[in-house]
Amino acid sequence: FGPLDTFNMIIAYAKVGHKSEQLMQALAEKVIHQPSHHFSPQMLVGIAWAYANTAHHTRPLFHAIAKSLLDNIHKLTANEIASVAWSYASVNCNHYGLFDALAEASEGKWPQFSAQSLANLAWAYSTMKEVNPRVYEGIAKASMKCKENFTSQGVSNLLWAFANAGHVDSDLFSSLAPVTSSLLEECNS
């Protein structure tokens, strides 16, 4: 198995919800013991997502991925940044410096985040109790610009994250109030 084979297997098993702990651990070991440069940053993002999504929480794997990503964080797209944050928050793994690096990598990319990615990023920072006002400010401004693209779950996760973090942005809450009302009307019809 080369890196691409390993990556494809991990993604395939995650997408079908395969639950074999032994197999997923063996694949994780392949990632951990390969030289980090054999996996692209995008592959590492996918692997983190797969293991978070299937509830296979192998700390050594997440730490190995984080170490590699820290060297290549600038190569991630906005949505990949959100995916990494969501994955690490989902397994409650806070690798030293990762969330600070993700915050730095987000600068200048706020307009590129999808509504779902903004909600996921806010949820991740709040869940991990990461206090970074610039991240919350960036999320708020970007969210107000794409507010029509939020789903009911996205709006609720976003607003919960801000309230949970104690970062109450009155402009954000006011801007999303009509969206929330509209989504409520859709649910009631």
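The values are calculated or read from the model by the stated rules, or taken from the named source; none is laboratory data. Fair warning: this is a prediction, and the values are worked out from it, not measured in the lab. Please note: Cβ atoms are built from the backbone with ideal geometry, for glycine as well, and neighbour counts cover all protein chains shown. Note: areas computed on protein heavy atoms with side chains; ligands, DNA, RNA excluded. Shrake-Rupley method; radii C 1.70, N 1.55, O 1.52, S 1.80 Å.
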Subject >> First in the range 146-174 and more than 17 Å from Thr127 (Cβ to Cβ) and free of Cβ contacts under 8 Å to residues at least 24 places away in the same chain, second anywhere and open to solvent by 20 Å² or more (accessible area, probe 1.4 Å) and assigned to a helix (DSSP H, G or I), Cβ under 9 Å, 6 or more apart >> reply: Phe173/Leu159; Phe173/Ala163
**OP:** Determine if the range 18-41 includes at least one residue that is among the aromatic types (Phe, Trp, Tyr) and open to solvent by less than 60 Å² (accessible area, probe 1.4 Å).
**Re:** yes
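So which helices (runs of 4 or more DSSP H) stay within the range 56-136 end to end and still have 1 or more residues that are surrounded by fewer than 17 Cβ atoms within 10 Å (Cβ to Cβ)? Steps first, answer last, please.
Numbers: elements: 59-72, 78-90, 98-106, 115-127.
Fully inside the range 56-136 and qualifying: 59-72, 98-106.
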**OP:** From (1) in contact with a Leu (Cβ under 6 Å, 6 or more places away or on another chain); (2) farther than 19 Å from Ser117 by Cα, pick out the condition that doesn't hold for Ser181.
**Re:** (1)
**OP:** Please state which of the following conditions Phe173 fails to meet, knowing it meets all the rest: (1) within 23 Å of Ser87 (Cβ to Cβ); (2) open to solvent by 40 Å² or more (accessible area, probe 1.4 Å).
**Re:** (1)
**OP:** Read through the list (1) under 22 Å from Leu76 (Cα atoms); (2) modelled with pLDDT of 95 or more; (3) hydrophobic (A, V, I, L, M, F, W, C), then give the number of the only condition that Val131 fails.
**Re:** (2)
